1. I'd like to verify a number: residues in the range 70-121 that are touching a strand residue (DSSP E or B) at 6+ places or on another chain (Cβ under 7 Å) and surrounded by fewer than 17 Cβ atoms within 10 Å (Cβ to Cβ), how many?
2. Restricting attention to the range 159-174, and to residues there that are in contact with a strand residue (DSSP E or B) (Cβ under 9 Å, 6 or more places away or on another chain), touching a residue at least 24 places away in the same chain (Cβ under 8 Å) and in a helix (DSSP H, G or I), which single residue is nearest to residue 9 (Cα to Cα)?
3. Scanning for something at pLDDT 95 or above, in a helix (DSSP H, G or I) and surrounded by 15 or more Cβ atoms within 10 Å (Cβ to Cβ), does the range 60-69 turn up at least one residue?
4. All but one of (1) more than 30 Å from residue 261 (Cβ to Cβ); (2) touching a residue at least 12 places away in the same chain (Cβ under 8 Å); (3) not in a loop (DSSP other than H, G, I, E, B) hold for residue 208; state the number of the condition that does not hold.
5. So how many residues does the range 10-27 have that are closer than 22 Å to residue 143 by Cβ and in a helix (DSSP H, G or I)?
6. So, in the range 35-57, how many residues would count as being in a strand (DSSP E or B) and either outside the structural domain of residue 184 (by TED's automatic domain parsing) or surrounded by fewer than 21 Cβ atoms within 10 Å (Cβ to Cβ) (or both)?
7. Could you tell me whether the range 265-278 includes any residue that is out of contact with any strand residue (DSSP E or B) (no Cβ under 8 Å at 6 or more places or on another chain) and under 26 Å from residue 210 (Cα atoms)?
């Protein structure tokens with residue numbers, strides 16, 4: 001870890017796993033003077049208090065760096081602690097609380113956001129990008145504004161979205177793209193050559209927080225969007241459909257190459273997991289999960305239940321406003 005020499009004094013505010021690779025980079029190349037994360041929460045069947053991914057990583061790797069976990073970051077007490085840490089920059093990544101103006105006053109603070117802003121402002125940009133059928137996404141480093149994710153853009157990266165890529169897979173890929181982008185912005189700041197680009201308000205789209213009710217799919221949609229919805233809602237809330245007398249989850253899929261005139265939701269190739277969609281195209285089911293069991297590839301599922309052509313998967317109507325628009 002960087003114990004001196006070149007680099008900046010950096011305060012890090014983050015909670016989710018998305019920020020851990022960047023925190024690791026900051027600890028290696030700069031001087032992390034303090035860390036703010038969300039409080040430990042009960043998790044699992046036993047209700048054990050569990051730290052955030054950032055809190056867990058920091059405890060294991062940065063035991064001498066002060067860390068606080070306030071329920072409310074904008075209280076006088078928490079604000080006094082954080083503003084008391086020496087800093088050239090504050091780096092905010094998936095922290096999970098609003099940062100007030102008194103807290104941020106006269107501090108240079110940047111945020112790493114998992115989309116190419118102004119597309120997909122909000123809580124679930126990775127999910128929204130996949131569900132909407134976007135072909136490309138990326139990360140943005142922005143200044144922090146009173147309006148959510150509306151700050152000036154300092155840098156952006158780009159990454160293609162693969163046809164079978166789930167939100168979990170894309171999350172991990174984008175999280176590992178983050179360090180280089182933040183590194184570049186901090187270097188430009190040190191060299192006094194950072195560039196601020198205002199977001200175009202006419203191009204803004206919103207990615208609201210997902211809910212359990214979003215975990216449905218309508219096979220009457222075009223095949224590409226059916227596959228995108230399945231992938232975009234993995235790992236949560238995940239897509240559930242009816243099959244025979246049970247409910248199963250569909251964890252991963254991709255557009256198929258076969259067309260059919262049969263009704264939406266019909267299995268037209270039992271071995272390949274091809275299901276008809278509304279545009280006559282098909283979606284290929286790659287991984288499914290019976291309730292209470294682990295996920296398995298479609299062929300294992302089909303063989304175990306002797307699935308035949310013509311059987312149907314029963315989806316559901318998508319809740320209004322949950323299509324990423």
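1. 4
2. 174
3. no
4. (3)
5. The first filter runs over the range 10-27 and keeps only residues closer than 22 Å to residue 143 by Cβ, leaving 10-16, 18-19, 21-23, 25-26.
Imposing the further condition that a residue be in a helix (DSSP H, G or I) reduces the set to 18-19, 21-23, 25-26.
Number of matching residues: 7.
6. 6
7. Within the range 265-278 (the criterion being out of contact with any strand residue (DSSP E or B) (no Cβ under 8 Å at 6 or more places or on another chain) and under 26 Å from residue 210 (Cα atoms)), the answer is yes, since at least one residue qualifies.
So that you can scan it fast, the table gives a plain yes or no per residue for (1) farther than 20 Å from residue 97 by Cβ; (2) in contact (Cβ under 8 Å) with a residue 12 or more places away in the chain:
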position: 38; (1), (2): no, yes
position: 43; (1), (2): no, no
position: 46; (1), (2): yes, no
position: 49; (1), (2): no, no
position: 79; (1), (2): no, yes
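The values are calculated or read from the model by the stated rules, or taken from the named source; none is laboratory data. It should be emphasised that the depicted structure is a prediction, and the values quoted were computed from it without experimental measurement. All Cβ positions, glycine included, derive from the backbone under ideal geometry; neighbour counts span all protein chains shown.
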